[in-house]
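J.: One structure follows; several queries about it will come next.
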């Protein structure tokens, strides 16, 4: 038999929502291919615009993401850390917001498309020579 002090109460833990409940059982989104960990998320509407607030299909977690991305772009990894949610859940939620046109995604430039360091050094050398 356990004593009163050894028992754990759900009330003491606070509200607990399982990740699969937040995503309605989904583990991925159609837009997942676009949503990289370092992709930047920014709200499409201006700060005073209530388009996201008027969308009653959005959960509180969706609205938290919209709110955090209103003033500056935030990476998916940062959102997961700030909201204390698994990255997979944040990717599904951001996919929902992307589908609803509430946010925009800015993908990072692939390393293959970045200019070569030697070219940049030559440009700098040329500018110094002027």
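J.: Here are some residues: 79, 127, 93. Which one is surrounded by fewer than 18 Cβ atoms within 10 Å (Cβ to Cβ), out of contact with any strand residue (DSSP E or B) (no Cβ under 6 Å at 6 or more places or on another chain) and in a helix (DSSP H, G or I)?
T.: 127
J.: Taking residue 102 as the residue in question, decide whether it is crowded, with 19+ Cβ neighbours inside 10 Å and in contact with a strand residue (DSSP E or B) (Cβ under 8 Å, 6 or more places away or on another chain).
T.: In short, yes.
J.: Right, another one. Would you check which residues across region 46-76 are at pLDDT below 85, outside any helix (DSSP H, G or I) and farther than 12 Å from residue 97 by Cα and list them?
T.: 46, 47, 48, 49, 50, 56
J.: Right, next: Residue 86 - would you say it is modelled with pLDDT under 90 and either at positive phi or exposed (fewer than 10 other Cβ atoms within 10 Å of the Cβ) (or both)? Give the derivation first.
T.: Details: modelled with pLDDT under 90: yes; either at positive phi or exposed (fewer than 10 other Cβ atoms within 10 Å of the Cβ) (or both): no.
No; evaluated as a whole, the condition is false for this residue.
The values are calculated or read from the model by the stated rules, or taken from the named source; none is laboratory data. All values reported here derive from a predicted model rather than from experimental measurement. Note that we place each Cβ from the backbone using ideal geometry, even for glycine, and neighbour counts take in every protein chain shown.
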